[in-house]
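The values are calculated or read from the model by the stated rules, or taken from the named source; none is laboratory data. Computed from a predicted model, the values in this text were never measured in an experiment. Every residue, glycine as well, gets a Cβ built from its backbone with ideal geometry; the counts of neighbours run over all protein chains shown.
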Amino acid sequence: ILNVEQSPQSLHVQEGDSTNFTCSFPSSNFYALHWYRWETAKSPEALFVMTLNGDEKKKGRISATLNTKEGYSYLYIKGSQPEDSATYLCASIGSSNTGKLIFGQGTTLQVKP
Amino acid sequence: GAGVSQSPSNKVTEKGKDVELRCDPISGHTALYWYRQRLGQGLEFLIYFQGNSAPDKSGLPSDRFSAERTGESVSTLTIQRTQQEDSAVYLCASSFGTNGSPLHFGNGTRLTVT
């Protein structure tokens with residue numbers, strides 16, 4: 001069974017703070033790592049899909065890194081804004097489970113103005 | 001263009017009744033996924049389709065759950081003899097393929113079993 005863990009479970013920061021959270025996944029049989037943002041009353045929205053060790057992706061103030069050898073990914077938000085408040089989900093596919101995308105429990109971020 | 005559409009958006013049913021949830025994926029998306037989120041929990045994988053085939057049904061919680069997809073398009077998730085623990089938001093997502101393509105999610109069906 002593929003276990004994907006995220007930490008912290010929740011995070012409260014002030015507007016303007018930079019923050020980061022972690023996703024850990026089994027490093028054996030790794031194929032791809034996804035990050036999604038899930039805002040209240042909306043559906044999850046894809047941020048990044050990463051496959052290569054050392055990969056870094058950036059979208060505005062949000063960036064992510066990937067370490068497939070040790071089985072973790074970091075998501076960074078620079079200069080957090082209230083509109084960044086959401087639950088951030090990561091999900092992993094193992095190469096032996098092609099297509100079976102398993103999600104972590106998510107990190108819920110609250111940015112206070 | 002049109003996104004992933006799910007119906008109904010809300011369903012309240014009595015324990016023991018059967019329910020059918022529908023998902024219309026984005027046109028051209030070959031992969032289709034079903035997940036559910038019970039209160040206070042994360043997204044739980046149920047099943048995925050590649051085309052009309054479901055290579056992995058291991059996430060279906062019990063034999064009361066079944067799913068099918070036809071025409072590489074619409075999918076239905078059927079829950080027979082519903083139980084209170086089936087109450088959850090059921091999310092459908094589609095993508096161009098498995099492995100490397102991001103998922104596009106629908107707005108979900110909120111199922112309440114009374």
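Pairing residues of the range B:34-63 that are at the interface with chain A (Cβ under 7 Å from one of its Cβ atoms) with residues that are in a strand (DSSP E or B) and aromatic (Phe, Trp, Tyr), at Cβ distances under 7 Å and at least 6 apart in sequence or on separate chains, gives B:Gly42/A:Phe103; B:Leu43/A:Phe103; B:Leu43/B:Tyr35; B:Phe45/B:Tyr35; B:Tyr48/B:Tyr33; B:Asp56/B:Tyr48. The residue of the range B:90-100 that is modelled with the highest pLDDT, among those that are part of a loop (DSSP other than H, G, I, E, B) and more than 7 Å from chain A (Cβ to nearest Cβ), is B:Phe96. Suppose we filter the range B:102-111 for residues that are facing chain A (nearest Cβ under 7 Å) and closer than 16 Å to A:Ser92 by Cα; how many remain? Within the range B:102-111, residues that are facing chain A (nearest Cβ under 7 Å) and closer than 16 Å to A:Ser92 by Cα number 2. Of all the criteria given as (1) under 22 Å from B:Gly42 (Cβ atoms); (2) in contact with a His (Cβ under 7 Å, 6 or more places away or on another chain), the one not satisfied by A:Phe103 is (2).
Among residues of the range B:101-114 being in contact (Cβ under 8 Å) with a residue 24 or more places away in the chain and not in a strand (DSSP E or B), the one that is nearest to B:Tyr33 (Cα to Cα) is B:Leu103. Candidates in the range B:64-74 are the residues that are buried (at least 17 other Cβ atoms within 10 Å of the Cβ) and in a strand (DSSP E or B); of these, the one that is farthest from the other protein chains (Cβ to nearest Cβ) is B:Phe65. Answer with yes or no whether B:Gly40 is surrounded by fewer than 21 Cβ atoms within 10 Å (Cβ to Cβ) and either modelled with pLDDT of 95 or more or more than 28 Å from A:Pro8 (Cα to Cα) (or both). The answer is no for B:Gly40. Per the listing B:Ile26, B:Ile79, the residue uniquely β-branched (Val, Ile, Thr), more than 20 Å from B:Lys11 (Cβ to Cβ) and surrounded by 17 or more Cβ atoms within 10 Å (Cβ to Cβ) is B:Ile26. Just checking, how many residues over the range B:1-11 are surrounded by 13 or more Cβ atoms within 10 Å (Cβ to Cβ) and either among the basic types (Lys, Arg) or at pLDDT 95 or above (or both)? Going through the range B:1-11 one residue at a time, the tally reaches 6. Checking each residue of the range A:53-71 against the condition of being within 17 Å of B:Gln37 (Cβ to Cβ) and under 13 Å from the mean Cα position of the chain (by Cα) gives no match. Out of the residues in the range B:3-22 that are within 14 Å of chain A (Cβ to nearest Cβ) and part of a loop (DSSP other than H, G, I, E, B), which is nearest to B:Arg36 (Cα to Cα)? Top of the filtered list is B:Ser9. Of the residues making up the range B:43-60, those that are surrounded by 13 or more Cβ atoms within 10 Å (Cβ to Cβ) and outside any loop (DSSP other than H, G, I, E, B) are B:Glu44, B:Phe45, B:Leu46, B:Ile47, B:Tyr48, B:Phe49, B:Gln50, B:Ala54, B:Pro55, B:Asp56.
Being surrounded by fewer than 20 Cβ atoms within 10 Å (Cβ to Cβ), more than 14 Å from every other protein chain (Cβ to nearest Cβ), assigned to a strand (DSSP E or B) and of a type outside the set (A, V, I, L, M) is the requirement here; does A:Ser63 meet it? Considered against the rule, which asks whether it is surrounded by fewer than 20 Cβ atoms within 10 Å (Cβ to Cβ), more than 14 Å from every other protein chain (Cβ to nearest Cβ), assigned to a strand (DSSP E or B) and of a type outside the set (A, V, I, L, M), A:Ser63 comes out as yes.
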